[in-house]
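**Q** Just dropping this structure here.
The values are calculated or read from the model by the stated rules, or taken from the named source; none is laboratory data. Since the structure is predicted, the reported quantities are computational estimates derived from the model, not experimental observations. All Cβ positions, even for glycine, are placed from backbone atoms using ideal geometry, and neighbour counts span all protein chains on display. SASA here: full protein model, heavy atoms, side chains in, ligands and nucleic acids out. Shrake-Rupley method; radii C 1.70, N 1.55, O 1.52, S 1.80 Å.
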Amino acid sequence: MNRTTTGQGLATPFSRRALIAGGLGAAATGLLASCSTVTRSTDVQAINKAVRLPDYVPWTGGPEPVLPKTSALMPSAFRKIPDRLVPTRGKPGDGSAVHGSVPTSSPIPPAKANNPYWQGLDERMGVELGLTITPSADFDSKFATQVAGNALGDVFTISGAFSYLPQFLEAKAADLTPYLSGSAVRDYPYLANIPTASWKGTVYSGAIYALPVPRGPLASSVLYQRNDLFERLGVDPSFSSVDEFLQLCRQVTDADANRWALAGAPPNVIASMLGLPNQWQESAGRFTSMYEVDGYQDMLELQRKLIAEDLVHPDSISAFNGKVWFVQGSAVMLQDTYSAVPGLLQQATPGTGFDVRIAPFVGPAGKTAKPWLGNPINTITAIAAGSEERVRMLLRIMDWCASPFGTEAWMYRKFGIEGRDFEYRDGAPVLTKTGNSETALGEFPVQYFTEGPLPLYYVGNPGMTDKVYESLASWLDDGVADPTYGLYSSTKSVKGAALTAWTTDAVNNVLLGRTRVSDWPSVVKQWRQRGGDAQRHEYEEALAARSS
């Protein structure tokens, strides 16, 4: 799910404002009205109380990465599937029915009765797996409906747009602290293989209430460049300053040829060039929003100029479809996350010479680039409250889902049945037409239960492993994290979607020339009054609670 994030690191969209502000809030309020044991929504300290996170125990039973770990954050890198996969011993399930509620960004796969791949999941997991699968665009409304009808099932991906989430989890989800905190997680070796940072987004009210769906640094945004198009145009794609970046965009743009430099005005890339904080800046326990620093207006001015000079695809704000434009060549550069690489490679037409370059990050003049680190989780997943025996069995299922690259379980999850769902071509597994359907393009939605840390591995494209690795190695230790990740703000939970939508509209008005950049301080004043200051104070209180 490629969506923006709340302060707790969960996915939440900008659209469907009435639904988010009304439907989700109403569902939460109605559900919790009769619960007397949950923490008050105004008790910021209690909601943000710390807990011992699971031990991080890197799994060492698989293939050795082909490139060294230059940073603790660096994903393991592989150029090919190992000749021998690590067998998965036993079945984690107890033969019972398990129902899950999950989103998907891929086409919904065929139902189990017509899907041998899904039937194979049942066999390997040792359960009768039922799933309610919802397209990501509709997931928040579906989640609210399921909450109201008490129909989420045994395992459910969380909607980050859901108001009063800590109270909901306290009332309905299993407290996983006894099973996962500290050394307890070692009972589940693949869950223990998930880095500590990802678990920070699963803590509410002093307990671990969920499992992370980790992304690590691959959630960070970079600037992709069509190297083949730059070569065809005879233009050097490199730049080392804002002015050089502008000039580069002018060189490759030709609206008459249906070619623009950028799919969208790239805020994260520009933020690195201007040294802006990642959402918030924390100093001595005090928070300053990126909206409030002087450099933010410089970013708005540069973005406005890119759009005004027609260097950005004309539909970038009204109907953004950046991946398609980039693959088709109508946008020569695209800001997206590292995790977008497989999709870009999959969409590219074979034989067209499609060649992706990852632009090096550029910092302010004379300074080291400090790019924004993406939040290390995509979303989180909870387990319904139940007996210890039931919770432990479901955790074994989650452990199976987190099996890492190099295991039989990982191979099956991604590629399915050899000869039906995939075939080996030049030593690489390639999904067939049947496999694309049955496995949901290799992204069957049990990946939203949880999964292991994403590896650097790109089917049939070993050179891409090196490109992504080299890009990450160039900046990871200098990356800037969002300091509010893992902290909970009740104002953000209840008003955040509406406030973000309002602020996005204000930004777009500047970018489209409807308002002036110099008017931005008045926008910030309104943002503070509408909830920005309340979020700030709650984050400060939350940080103090977590630090203690």
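**Q** So what is log10(I(q)/I(0)) for the chain at q = 0.06, 0.07, 0.10 1/Å, when the Debye sum runs over its Cα atoms only?
**A** -0.29, -0.40, -0.85
**Q** Next question. Quick check of the Kirkwood formula: for the range 412-472, what is the inverse mean of 1/r over all pairs of different Cα atoms, in Å? Please report the intermediate quantities before stating the final value.
**A** Details: mean 1/r = 0.0790 Å⁻¹.
In the range 412-472 this quantity evaluates to 12.7 Å.
**Q** Could I ask something else about it? Using alpha-carbon pairs under 8 Å, 6+ residues apart, how would you state the relative contact order of the chain in percent? All intermediate terms of the calculation are to be shown ahead of the outcome.
**A** Details: 1068 pairs, mean separation 147.1, N = 548.
It rounds to 27 percent for the chain.
**Q** Now for a separate question. Starting from the 7 Å offset along Cα-to-Cβ, what nm value, one decimal, do you get for the label separation of Gln45 and Asp466?
**A** 5.7
**Q** Convert 4 °C to kelvin, take the viscosity as 1.567 mPa s, use the Kirkwood radius over C-alpha pairs of the range 77-148 as Rh, and evaluate the Stokes-Einstein diffusion coefficient in µm²/s, rounded to a whole number. Could you put the intermediate results ahead of the total?
**A** On the way: Rh = 14.7 Å.
Value of D from the Cα-based Kirkwood radius: 88 µm²/s.
**Q** Right, something else. In debye to the nearest 20, how big a dipole does the range 416-534 give about its Cα centre with +1 on each Lys and Arg Cβ and -1 on each Asp and Glu Cβ?
**A** So the magnitude is around 900 debye.
**Q** In addition: Translational diffusion coefficient, Stokes-Einstein: compute it for the range 170-306 using the Kirkwood radius over C-alpha pairs as Rh, at 37 °C and 0.692 mPa s, and state it as an integer in µm² s⁻¹. The partial results should precede the final answer.
**A** Values: Rh = 19.1 Å.
For the chosen part, D equals 171 µm²/s.
**Q** With only Lys, Arg, Asp and Glu charged, each at its Cβ (+1 for the first two, -1 for the last two), find how big the charge dipole of the chain is about the Cα centre; round to the nearest 20 debye. Could you put the intermediate results ahead of the total?
**A** Values: 48 positive and 53 negative charges, 139 e Å.
With Lys and Arg at +1 and Asp and Glu at -1, about 660 debye.
**Q** Now for a separate question. Of Phe78, Leu169, Ser183, whose Cα points farthest to the positive end of the dipole of the range 76-185 (charges on the beta-carbon: +1 Lys, Arg; -1 Asp, Glu; origin at the Cα centre)?
**A** Toward the positive end, the furthest listed residue is Phe78.
**Q** Out of residues 5 or more away from Gly160 or on other chains, whose amide H comes under 5 Å of its own, with H placed 1.01 Å from N in the peptide plane?
**A** Ala11
**Q** Which residue, Tyr457, Pro116, Ser41, has the largest displacement toward the positive end of the dipole of the chain when charges sit on each Cβ (Lys, Arg +1; Asp, Glu -1)?
**A** Sorting the options by dipole projection puts first Ser41.
**Q** Further question: Using every pair of alpha-carbon atoms in the range 299-357, split the distances into 5 Å bins beginning at 0 and state the percent of pairs per bin, rounded to integers.
**A** In whole percents, the pair-distance histogram is 4, 16, 26, 23, 16, 10, 5, 1.
**Q** Say the dipole of the range 205-347 comes from +1 at the beta carbon of Lys and Arg and -1 at that of Asp and Glu; which of Ala340, Ala261, Gly206 then lies farthest toward its positive end?
**A** Of the candidates, Gly206 comes out farthest on the positive side.
**Q** What translational diffusion coefficient, to the nearest whole µm²/s, does the range 270-425 have by Stokes-Einstein, given a Kirkwood radius computed over alpha-carbon pairs, a temperature of 10 °C and 1.306 mPa s viscosity?
**A** Details: Rh = 20.5 Å.
Answer, rounded: 77 µm²/s.
**Q** Let me ask you something else. Where the centroid of each part is defined by its Cα atoms, how far is the range 93-154 from the range 263-332 in Å?
**A** 36
**Q** Under the rule of at least 5 residues apart or a separate chain, name every residue whose amide H is placed under 5 Å from the amide H of Gly153.
**A** Residues meeting the criterion, in which the H sits 1.01 Å from N, do not exist here.
**Q** So, one more: Report the FRET efficiency, 1/(1 + (r/R0)^6), for Asn258 and Val430, where r is their Cβ-Cβ distance and R0 is 30 Å, rounded to 0.05. Provide the component values of the computation, followed by the final result.
**A** Values: r = 31 Å, r/R0 = 1.05.
Plugging the Cβ-Cβ distance into 1/(1 + (r/R0)^6) gives 0.45.
**Q** How many lysine pairs in the range 62-194, separated by 8 or more positions in sequence or lying on different chains, have Cα atoms less than 30 Å apart? Present the calculation step by step, with values, prior to reporting the outcome.
**A** Working: Lys69/Lys80; Lys80/Lys91; Lys91/Lys112; Lys91/Lys172; Lys112/Lys142; Lys112/Lys172; Lys142/Lys172.
Step by step, the pairs that qualify in the range 62-194 add up to 7.
**Q** Across 5 Å bins from 0, what is the distribution of all Cα-Cα pair distances for the range 43-180, in whole percents?
**A** Percent of Cα pairs in each bin: 2, 7, 11, 13, 14, 17, 18, 11, 6, 1, 0.
**Q** Here is a further query. Give the shape of the range 205-249 as rounded, prolate or oblate, defined through the alpha-carbon gyration tensor: a ≥ b ≥ c are the square roots of its eigenvalues, a/c under 1.5 means rounded, and otherwise the shape is prolate if a/b is larger than b/c and oblate if not. Don't skip to the answer; put the middle values down first.
**A** Working: a/c = 7.00, a/b = 2.88, b/c = 2.43.
Prolate, because a/c is 1.5 or more and a/b exceeds b/c.
**Q** Something else now. Hydropathy at least -0.5 by Kyte-Doolittle, axial extent at least 24 angstrom from the Cα trace: which helices of the chain, defined as entire DSSP H runs, fit? Spell out each step's value before the answer.
**A** Values: long enough: 490-511 (30 Å, 0.15).
Those that clear 24 Å and a mean of -0.5 are 490-511.
**Q** In debye, nearest 20: dipole of the range 51-111 around its Cα centre with unit charges on the Cβ of K, R (+) and D, E (-)? Intermediate values should be presented prior to the final figure.
**A** On the way: 7 positive and 4 negative charges, 27 e Å.
That gives the range 51-111 a dipole magnitude of about 120 debye.
**Q** Using only the alpha carbon atoms of the range 133-196, find the Kirkwood hydrodynamic radius as the inverse mean reciprocal pair distance, in angstroms to one decimal.
**A** Values: mean 1/r = 0.0728 Å⁻¹.
It works out to 13.7 Å.
**Q** If you don't mind, there's one more thing I want to ask. List the lysines whose Cα lies under 17 Å from the Cα of Lys495, skipping any in the same chain that are fewer than 8 positions away.
**A** Partners within reach: Lys525.
**Q** Let me know the Rg and Dmax you get for the range 371-451 when you use only its Cα atoms, in Å.
**A** Expressed in Å, the Cα Rg and Dmax of the range 371-451 come to 15.7, 49.
**Q** Same structure, new question: Accessible area of Phe239, 1.4 Å probe, to the nearest 10 Å²?
**A** Roll a 1.4 Å probe over it and Phe239 shows about 30 Å².
**Q** Turning to a different aspect of this structure: Taking only the alpha-carbon atoms of the range 339-491, what semi-axes of the equivalent ellipsoid follow from 5 times the gyration tensor eigenvalues under a square root, in whole Å, largest first?
**A** On the way: eigenvalues 182, 157, 31 Å².
They are 30, 28, 12 Å, listed from largest to smallest.
**Q** Ok, one more. Decide, for the range 464-530, between rounded, prolate and oblate: order the square roots of the alpha carbon gyration tensor eigenvalues as a ≥ b ≥ c, take rounded if a/c falls under 1.5, and otherwise choose prolate if a/b is larger than b/c, else oblate. Please list the in-between numbers first.
**A** On the way: a/c = 2.84, a/b = 1.60, b/c = 1.78.
Because a/c hits 1.5 or more and a/b fails to exceed b/c, the range 464-530 counts as oblate.
**Q** Let me make sure I get this right: for the range 242-360, a, b and c are the square roots of the gyration tensor eigenvalues over alpha carbons, sorted descending. Under 1.5 in a/c it's rounded, otherwise prolate if a/b > b/c, else oblate. Which is it?
**A** On the way: a/c = 2.43, a/b = 1.61, b/c = 1.51.
The shape class here is prolate.
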